[in-house]
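Throughout, read-outs are computed from the coordinates displayed, never taken from laboratory work. Here the structure is a predicted model, which means the values were calculated and not measured. Methodologically, a virtual Cβ is constructed for each residue, glycine included, from the backbone with ideal geometry; neighbour enumeration extends over all protein chains shown.
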Amino acid sequence: MESENNMKKRKPLWLKWIIGLIFAYVGLLVLVLAAAIVTMTGTFTLIVLELFIENQSLRDFNEQYLVPASEFSWNLFTRLVPGL
């Protein structure tokens, strides 16, 4: 039993750190992209609603809060992904 455990190769510590960093980076990309999609969907929804309702407060809310948030999250995502 002990000889079997000794014969198994253990993963080096640096490899575990690199794999952990890659998973953390992919997780960060997923969170940023999800936030970008949610804010863009909210922006688009309020734009469509504003066309039918013609309410100025929806347009003001959209332009003041959602448009900058969606632009920021999309710019953050494109900076995090190399080659975009």
*Conditions: (1) within 18 Å of the chain's Cα centre (by Cα); (2) in a helix (DSSP H, G or I); (3) not aromatic (Phe, Trp, Tyr). Asn62 meets all but one. Number of the miss?*
(1)
*Please find, among Leu58, Leu46, Leu29, Leu33, the residue that is within 24 Å of Arg79 (Cα to Cα) and in contact with a Leu (Cβ under 8 Å, 6 or more places away or on another chain).*
Leu29
